[in-house]
Amino acid sequence: MAQSSPVPAASDGGLCEEFAVPSQVEEVRRLMAEFAERHDAGGRRVVLITSGGTKVPLESRTVRFLDNFSSGRRGASSAEYFLDSGYAVIYLHRHRSLYPYTRLYTGVNLLDSLRLEPGEGEGGSGRVLVDQAELQNVAAVLKRYQAVKTAGLLLPVEFNTLSEYLHLLKAAAQALNSIGSNAMFYLAAAVSDFYIPASEMPEHKIQSSNGPLQISMKMVPKMLKPLVKDWAPQAFVISFKLETDPSILLERARRALDIYNHQVVVANVLDTLRGYVVIVTKTTQHELTLTDDDVQKGIEIEEKIVSNLSAAHTEFMNR
Ligand code: PMT
C-alpha cells in the first residue's frame, strides 16, 4: 500500500501517536461510507471482513519484519458466502493474500491452464483457449464474479503493514457507523500483538556482525474496544480467536466477550481450523463441524459459519 505521512499531533487513544497514518486513508473512508450508505438505502446489509496477517517492520528501511499466520482463505471464502447470502462486502485484506473467487485457482499455474488455438501463424489463430481440466468450473465461477462486480457488491481495500491495518479498520468502523445495526464486522485477520515504535526502530538493516539479536516490542492497542464502544456501537461485531492449545480456547473466547462486550467470538484451533470451529456468545456455544460427507460434496466450514452468523445478525437487528 502507499507511503505513510508523518505522525499527526492529534490525540487518538494512542493510535495516531504511535502509528503513521496512511496517506490514502481519508479517500478510502469516503469510498467505504458511500458504499455502505448506497447498499443500506437499497435494503442490503453490509459486512466488513478483515483478512490476512499483518506485517510489523523491524527496521525503518525494512529488510526484515515479523509476520502473522494467515493465508486469507477464511476471509476470502467467507466473502463469497456473504455475497451469496445477499450482503454487500467490504474486503479489508492483506496485499497478495487470498482473494474471493480467484482463491479457487491459487494452486494453478496460469500458463499451464491456457492453450493456443491451432492456426496458420506462429501463435496459431491468435485465440487463447482455457483448459477446463486445469481451471475447474471456471465459467460458473467467472459468472458469479462478474455478477458481483457489475452490481458493485464487493469493495476491496488493501493493507500491508500493521499501521495500515489499524487506521483502515478505524476508518471502516466510522464509515459504517451511519448504517447502525445493518453493519456486521467479521474480524478474521490475524493481527500482531507486538510492534516496535518508530522512535525506537533502527533506520538501517540490523547487522548480524553485532551478535545475537534482542528486541523489545510494545503491545499493540486492541482495536475491538474502541470499535465496539465508540466507533460503531450499534454494529454486530464478530471477532476470531486462534489458539494452538485447545484446552484454553473457550476460556479465551469468553474472556474476549467479557472485555470487549461484542456479540460473537468464532473460536478455532490451528490444527483443525478448516473443519471445526465454535461459535461463542455470552450465553451460548455452538460447535460447527465439517463431516466427511460435507468434504466430498465440496462444502466448506465457512459456508456453515456464514449461515450461522447471518441468522444471528437478523436476530440482533430485530431485537
Ligand atoms: O487466513 P486463514 O489461513 O484461513 O486463517 C484464518 C485464521 C486462523 C487467521 C482466523 O480464523 C483467525 O482465527 N483469526 C484471528 C486470529 C487471532 O487469534 O487473532 P488475535 O488474537 O490477534 O485477535 C483476536 C481478535 O481481536 C481478532 O478478531 C482480531 O481481529 C482482533 N484484534 C487483534 C489485534 C488488535 N490490535 N486489535 C484487534 O481488534
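Where nothing but the Cβ of Lys and Arg (+1) and of Asp and Glu (-1) is charged, how large is the charge dipole of segment 118-168 around its Cα centre, in debye to the nearest 20?
Numbers: 4 positive and 6 negative charges, 74 e Å.
For segment 118-168, the charge dipole is close to 360 debye.
Which three semi-axes in whole Å describe the equivalent ellipsoid of segment 157-227, each the square root of 5 times a Cα gyration tensor eigenvalue, listed largest first?
Working: eigenvalues 231, 26, 21 Å².
For segment 157-227, the semi-axes come out at 34, 11, 10 Å.
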| request: Would you please give the residues with an amide H less than 5 Å from that of Ser192, counting only those at least 5 places away or on a separate chain, with H modeled from the backbone geometry? | output: Thr54
| note | Hydrodynamic calc, segment 43-111: Kirkwood Rh from Cα pairs, then Stokes-Einstein at 37 °C with viscosity 0.692 mPa s, so D in µm² s⁻¹ is 242
| field | Extended-chain gain in nm, criterion 0.36 nm per residue less alpha-carbon gap, Thr283 and Thr102 | value | 61.4 nm
| field | Amide H contacts of Ser70 (H built 1.01 Å from N, under 5 Å, at least 5 apart or other chain) | value | Gly53
| What is the distance, in nm, between label points placed 7 Å from the Cα along the Cα-to-Cβ direction at His204 and at Asp258? | 5.0
| query | Tell me, what are the semi-axes, in whole angstrom and largest first, of the equivalent ellipsoid of segment 33-153 as set by the roots of 5 times the Cα gyration tensor eigenvalues? | reply | 32, 25, 13
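What does the charge dipole of the chain about its Cα centre add up to, to the nearest 20 debye, if the Cβ of each Lys and Arg holds +1 and the Cβ of each Asp and Glu holds -1? Let's see the in-between values first.
Numbers: 33 positive and 37 negative charges, 122 e Å.
Here the chain has a charge dipole of around 580 debye.
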| note | So, for the Cα atoms of segment 105-186, Rg and Dmax in Å stand at 20.4, 62
| query | When the scattering of the chain is computed by the Debye formula from its Cα atoms alone, each counted once and equally, what is log10 I(q)/I(0) at q = 0.10, 0.11, 0.12 Å⁻¹? | reply | -0.64, -0.77, -0.89
| message | Principal axis extents for segment 242-319, Cα atoms only, whole Å, descending order, please. | response | 38, 34, 14
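Got a sec? How would Thr50, Thr244 order by Cβ neighbour count within 10 Å, fewest to most?
On the way: Thr50 29, Thr244 9.
Fewest-to-most Cβ neighbours within 10 Å comes out as Thr244, Thr50.
Please compute, over every Cα-Cα pair in segment 224-286, the percentage with a separation greater than 20 angstrom.
Numbers: 509 of 1953 pairs.
In whole percent, the share of Cα-Cα pairs in segment 224-286 beyond 20 Å is 26.
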| remark: For Met184, Met223, ascending order of other Cβ atoms within 10 Å (fewest first) is Met223, Met184
| query | Which of Thr244, Ile279, Asn261 sits closest to the plus end of the dipole of segment 242-319, meaning its Cα is farthest towards the positive end, when Lys and Arg get +1 and Asp and Glu get -1 on the C-beta? | reply | Asn261
| remark: Counted neighbours (other Cβ, 10 Å), sorted fewest up, put Lys170, Lys149 in the order Lys149, Lys170
| query | Which one of Ala232, Leu270, Ala33 has its Cα pushed farthest toward the positive end of the charge dipole of the chain, where Lys and Arg give +1 and Asp and Glu give -1 at the Cβ? | reply | Ala232
| remark: With only helices counted (DSSP H, runs n ≥ 4, each -39500 (n - 2.57)), the per-residue ellipticity at 222 nm for the chain, to the nearest 500, works out to -9500 deg cm²/dmol
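Compute and list, largest first, the equivalent-ellipsoid semi-axes of segment 135-177 from the alpha carbon gyration tensor, each √(5λ) rounded to a whole angstrom. Display every interim value, and only then the final one.
On the way: eigenvalues 182, 43, 7 Å².
Each semi-axis is the square root of five times an eigenvalue, giving 30, 15, 6 Å.
The numbers here are math on the coordinates, done by the rules we state, and not lab data. Source: prediction; values computed, not measured. Positions of Cβ are generated from backbone atoms using ideal geometry, with glycine treated the same way; all protein chains shown enter the neighbour counts.
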